[in-house]
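Trainee: Supplied in structure tokens, the structure appears directly below.
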Amino acid sequence: MPLILAFDAAGGRCAAALVRGGRVLAARAEATDRREAERLIPVLEATLAEGGAAWSDLDAIAVSTGPGDFTGVRVAVATARGLALALDRPAIGVSRLEALAVGHADALVAVDARRGMVAAQAFTGGAPRAPAALVALEDLAGLAPPGARRLGAAAAPGAPEAAEAPDPAAIARLAAARLGDPGPPPAPIYLRPPDAAPGEPAPRLLDDA
């Protein structure tokens, strides 16, 4: 069974899980106060140590590609690609919305994009009904499949389903299913463009997905 290190660094935290065959061997989460670049590797190292594993034991790296804040998503994806290159292991990207929907056959998942907007995606039978999109909060209900569980920003205020941070174990579970065909290297999906990125190619935005 493959040993997968999965992680997410959006939303002001670094979270990681070491998973083998669906079993979580170790998991950690830490608030970062916008220090994702500084704290992500220590969190990953601590997760490996807790699970009694070394970098060379890994079969794959799994990472949340967003949509999410620019810095956290960029740090996570760059780290995953760097580790994959250094370890000669595949890096598999998983969207934050997919990971939040794990365990729910019919679901409407959303994360806050601010300014009255959300990044949303509907799932039926565990599969996406359509690509993720930015929609106005007042239009969100129209995307929900009949009887769907509403998760993240789609949930009622104060509901336990309102968490917008994906479980790294869910990221690992989705990555394990794609291990035979990992696809291209993970690419970040941003909610909005950065304020300034001189000399760099334009980032992939949610509307481009």
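Trainee: For Arg150, list long-range residues whose amide hydrogen, built 1.01 Å from N in the peptide plane, is under 5 Å from its own amide hydrogen.
Mentor: Here the answer is Leu108, since their amide H atoms fall under 5 Å of that of Arg150.
Trainee: Which percent of the accessible area of the chain is formed by carbon and sulfur heavy atoms (probe 1.4 angstrom)?
Mentor: Here it works out to 53 percent.
Trainee: Using the Karplus equation 6.51 cos²θ - 1.76 cosθ + 1.60 (θ = phi - 60°), what ³J(HN,Hα) coupling, rounded to whole Hz, does each residue of region 144-157 give in order, writing x for Gly and Pro?
Mentor: So the J values, rounded to whole Hz, are 6, x, x, x, 6, 6, 9, 10, x, 5, 7, 7, 5, x.
Trainee: Need the full-extension length gain, Leu179 to Glu30, defined as separation in residues times 0.36 nm minus the C-alpha distance. One decimal, nm.
Mentor: 50.9 nm
Trainee: Measuring with a 1.4 Å probe in the full set of protein chains, what accessible area per residue, in whole Å², belongs to the chain?
Mentor: 48
Trainee: What net charge do the residues around Gly152 carry, taking every other residue with its C-beta under 11 Å from that of Gly152, with Lys and Arg at +1 and Asp and Glu at -1?
Mentor: Local charge sum for Gly152: 0.
The values are calculated or read from the model by the stated rules, or taken from the named source; none is laboratory data. Predicted, not measured: the structure shown is a model, and the values here were computed from it. We place every Cβ from the backbone using ideal geometry, glycine too, and count neighbours over all the protein chains shown. The protein model used for the area step is the full one, side chains on, heavy atoms only, and it has no ligands, DNA or RNA in it. Shrake-Rupley method; radii C 1.70, N 1.55, O 1.52, S 1.80 Å.
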